[in-house]
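What follows is a set of notes on a single structure, which appears directly below.
The values are calculated or read from the model by the stated rules, or taken from the named source; none is laboratory data. Worth saying up front: this structure is predicted, and the values here are computed from it rather than measured. Note: ideal-geometry Cβ built from the backbone for every residue, glycine included; neighbour counts use all protein chains shown. When the accessible area is computed, the model is the full protein with side chains, heavy atoms only, and any ligands, DNA or RNA have been set aside. Shrake-Rupley method; radii C 1.70, N 1.55, O 1.52, S 1.80 Å.
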Amino acid sequence: MLAELLTAGEVVVLSGAGISTESGIPDYRGPSGASRRHTPMTYQTFVGDPAARRRYWARSYVGWRAMTRAAPNSGHHAVARLQQRGLVAGVVTQNVDGLHQAGGARSVVELHGSLHHVICLSCGDSTSREELDRRLTEANPQFGARATAVNPDGDVDLGDTEADGFQVVGCRACDGGVLKPDVVFFGETVPAGRVRECFALVERARLLLVLGSSLTVMSGRRFVLHAAKLGIPVAIVNQGPTRGDRYATLAVDAPLGTTLPELVRLVDTRAAAAGSPEPM
């Protein structure tokens, strides 16, 4: 049924943390349940509490190494293949890990930003996370904390004593401005232009395909509501129920790492039966 829905093309994918769990990054509310043990940093705390900001950067410094080791899984590659076959017109991801792009997807709208970039809250200068990592390493030569798992936001769990003495660095462009990952923290607003871009993608779609999101927060759920209001079919593949199931034409409760490659196989089989050549 899902393959049949996709064959018309002009599909917009909305992905959440569930598509990255098989790359070793747990989701917030699904089977890996990061929310049961992890409280994400809020924008208000990051900006207003220097001690909390220092602890965050210590944890994120450790987490960045785990994030850079994460590789795209079969679900990410399947989305890219569907896009290469001309069926997926756009990808909107709530993830900040960059794995869709690493898996071959193009023109990905990162709704909540990217951990691969850092911005200055004072002057707006943007730099790469790799550059910041080098600077933090130079500033903390004795810091040896390790993490066994990373959270969806690139943070890890460290005790306060492990973060004691961690040295935070400031912006080089304005000589000391506060640096922040270029991601949308809890309590922060997604840039309006980015939201408009996502709405425009949905409005041009024949199908909104939700992958690995419980749609618990309005940030992603609003696009499902918008599609439903416009009469655009919604299909959902997720492990466990979602807050968008009532609006879905089809909901599949299954792991993405096995479901999406099978979906590609079925789409290719239908195309071959219809005599449509596969793209080079």
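Quick check on this structure: which one of Thr242, Thr216 is polar (S, T, N, Q), farther than 16 Å from Val92 by Cβ and not in a helix (DSSP H, G or I)?
Thr216
For segment 248-280, give me each residue that is part of a helix (DSSP H, G or I), closer than 15 Å to Ser213 by Cβ and open to solvent by 80 Å² or more (accessible area, probe 1.4 Å).
Once the filter is applied, which keeps residues that are part of a helix (DSSP H, G or I), closer than 15 Å to Ser213 by Cβ and open to solvent by 80 Å² or more (accessible area, probe 1.4 Å), segment 248-280 yields nothing.
Here is a list of conditions, (1) open to solvent by less than 40 Å² (accessible area, probe 1.4 Å); (2) within 14 Å of the chain's Cα centre (by Cα); (3) over 17 Å from Leu256 (Cα atoms), and Val92 meets all of them except one; can you say which number that is?
(3)
Gly103 is checked against (1) over 22 Å from Arg221 (Cα atoms); (2) among the small types (Gly, Ala, Ser); (3) in contact (Cβ under 8 Å) with a residue 60 or more places away in the chain and fails just one. What number does that condition carry?
Result: Gly103 fails condition (3) only.
Which helices (runs of 4 or more DSSP H) sit wholly inside segment 68-170 and have at least 1 residues that are touching a Leu at 6+ places or on another chain (Cβ under 7 Å) and modelled with pLDDT of 95 or more?
Passing ranges, in order: 74-84, 129-139.
Collect the residues in segment 229-243 that are small (Gly, Ala, Ser) and either open to solvent by less than 40 Å² (accessible area, probe 1.4 Å) or under 19 Å from the mean Cα position of the chain (by Cα) (or both), keeping them in residue-number order.
Residues satisfying the conditions are Ala235, Gly240.
Would you tally the residues in segment 171-196 being in a loop (DSSP other than H, G, I, E, B), modelled with pLDDT of 95 or more and surrounded by fewer than 17 Cβ atoms within 10 Å (Cβ to Cβ)?
6
Considering each of Phe199, Phe166 in turn, give the residue that is open to solvent by 30 Å² or more (accessible area, probe 1.4 Å) and either hydrophobic (A, V, I, L, M, F, W, C) or more than 30 Å from Tyr61 (Cα to Cα) (or both).
Phe199
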